[in-house]
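The values are calculated or read from the model by the stated rules, or taken from the named source; none is laboratory data. Just so you know, these numbers come straight off a predicted model, no measurement behind them. Here Cβ is always computed from backbone atoms with ideal geometry, including for glycine, and neighbour counts include all displayed protein chains.
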Amino acid sequence: MIVVMRSAATKEQVDAVVARIEEAGLKAHVSVGELRTVVGVIGDDRTKEQLRGMLEAMEGVEKVVKVLQPYKLVSREFQPEDTVVEVGGVRIGGPEAVVVIAGPCSVEGRDQVLSVARAVKAAGARMLRGGAFKPRTSPYSFQGLEEEGLRLLAEAREATGLPVVTEAMDRRQLDLVVQYADMVQIGARNMQNYTLLREVGRVRKPVLLKRGPAATLEETLLAAEYILSEGNTQVVLCERGVRGFDNHTRYLLDIGAVVVLKQLTHLPVIVDPSQAAGKRAYVPGLARAAIAAGADGLIVEVHPDPERALSDGPQQLRPAEFTHLMRQVWAIAATLGRAPASLTAV
């Protein structure tokens, strides 16, 4: 349920509505838009219905609307305006320029991560990705450098100025990631780890939430709802492919999901063409399609020597290949009015 305040409603009137909601044992989430303020009411549906009449009678209230979708705070009904997520000075979503995040699948060493960071920045990437903790299918595969990997990512940030995003898989890792990184990634395997989602909702760091390989769009939005319900509104959704029945790509990239999510939610949506492709030859085409479909950005894997990579080498671009892709990305983004002014000539 949402309470739509009148355009002339005062702060005191909004505070009174919030107080009445909380007195009833419900949660109130305030969204201040350009034209009016909306108060989301979260909690037991029976209590909300009992409260509805009282809220409608309060000063400054225009109307009380029942939200039909199971997700509330992430919906366009609750917030019509696009959310812009800011990560270390980089703005993602809304009318902002397309943002490209790039870096190695795994942090393998100092020289590797620093060389990649410098290369992707020179090509126009705005953020650095890299796995310090790696959720691998086999327990015998490389599991990441852990805290040492986080320290190397932080060093690369100092050297290049690129904000860092990296994955956390449990509470212990989350505490470490928050210390070192600018954005916390919740990977596809943990999209429905609701305990972790609640924890990341409380840390007040921007979150990159990846869609699970078998998750519907509604399940993805409900996962984001867990984070927002704990007070963290800085969430970016990531489409990275779902399970299909063909084996030519690692996953089936759902380009339609980008279009649909942009209609259903105010949260930014980016695409991971590397995970979806599984093969570097397919990454550029999927990346171009994602930008053309309206994605707010990309997250791309880049490695200086993919043949020797400790994880996912076949899908990682070489720096020169990434630079070429970036020229194509900016050309498409420019036709949509979303290329950075300083890079339209790249």
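Test Met58 against the criterion of being assigned to a helix (DSSP H, G or I) and either more than 19 Å from Glu230 (Cα to Cα) or not aromatic (Phe, Trp, Tyr) (or both), and give yes or no. So that I can check it myself, show each step before the final result.
Details: assigned to a helix (DSSP H, G or I): no; either more than 19 Å from Glu230 (Cα to Cα) or not aromatic (Phe, Trp, Tyr) (or both): yes.
No: the conditions fail for Met58.
For Gly294, the conditions (1) touching a helix residue (DSSP H, G or I) at 6+ places or on another chain (Cβ under 6 Å); (2) crowded, with 18+ Cβ neighbours inside 10 Å; (3) at positive phi are fulfilled apart from (2).
Given the options Val61, Val85, name the one that is crowded, with 16+ Cβ neighbours inside 10 Å and within 30 Å of Ser274 (Cα to Cα). Can you show your working first?
Values: Val61 fails: within 30 Å of Ser274 (Cα to Cα).
After ruling out the rest, the residue left standing is Val85.
When region 179-200 is filtered for residues that are within 14 Å of the chain's Cα centre (by Cα) and hydrophobic (A, V, I, L, M, F, W, C), the ones remaining, listed by number, are Met183, Val184, Ile186, Ala188, Met191, Leu197, Val200.
So that you can scan it fast, the table gives a plain yes or no per residue for (1) surrounded by 17 or more Cβ atoms within 10 Å (Cβ to Cβ); (2) among the aliphatic types (A, V, I, L, M); (3) free of Cβ contacts under 8 Å to residues at least 24 places away in the same chain; (4) in a loop (DSSP other than H, G, I, E, B):
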residue	(1), (2), (3), (4)
Arg198	no, no, no, no
Gly212	yes, no, no, yes
Leu222	yes, yes, no, no
Phe245	no, no, yes, yes
Val260	no, yes, no, no
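Remark: Gly53 falls outside the filter, which requires a residue to be within 24 Å of Val269 (Cα to Cα), among the small types (Gly, Ala, Ser) and outside any strand (DSSP E or B).
Going by the structure shown, is Ala24 surrounded by 12 or more Cβ atoms within 10 Å (Cβ to Cβ) and either more than 22 Å from Pro70 (Cα to Cα) or touching a residue at least 40 places away in the same chain (Cβ under 8 Å) (or both)?
On the way: surrounded by 12 or more Cβ atoms within 10 Å (Cβ to Cβ): yes; either more than 22 Å from Pro70 (Cα to Cα) or touching a residue at least 40 places away in the same chain (Cβ under 8 Å) (or both): no.
Answer is no for this residue.
The lone criterion from (1) of a type outside the set (Ser, Thr, Tyr); (2) more than 20 Å from Cys238 (Cα to Cα); (3) crowded, with 24+ Cβ neighbours inside 10 Å left unmet by Ala334 is number (3).
Restricting to region 64-79, and then to whatever is hydrophobic (A, V, I, L, M, F, W, C), touching a strand residue (DSSP E or B) at 6+ places or on another chain (Cβ under 7 Å) and farther than 18 Å from Thr233 by Cα, can you tell me which residue is surrounded by the most Cβ atoms within 10 Å (Cβ to Cβ)? The selected residue is Val64.
A single member of Ala320, Ala341, Ala333, Ala345 is hydrophobic (A, V, I, L, M, F, W, C), over 22 Å from the mean Cα position of the chain (by Cα) and modelled with pLDDT of 95 or more, and it is Ala320. Restricting attention to region 29-50, the residues that are loosely packed, with under 15 Cβ neighbours inside 10 Å, part of a loop (DSSP other than H, G, I, E, B) and free of Cβ contacts under 8 Å to residues at least 40 places away in the same chain total 2.
This table checks each residue for (1) among the polar types (S, T, N, Q); (2) touching a strand residue (DSSP E or B) at 6+ places or on another chain (Cβ under 7 Å); (3) within 29 Å of Pro304 (Cβ to Cβ).
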residue: Thr166; (1), (2), (3): yes, yes, yes
residue: Asn193; (1), (2), (3): yes, no, no
residue: Glu225; (1), (2), (3): no, no, no
residue: Asp254; (1), (2), (3): no, yes, no
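The residues of region 275-296 that are part of a helix (DSSP H, G or I), within 17 Å of Arg129 (Cβ to Cβ) and touching a residue at least 60 places away in the same chain (Cβ under 8 Å) amount to a single one, Gln275.
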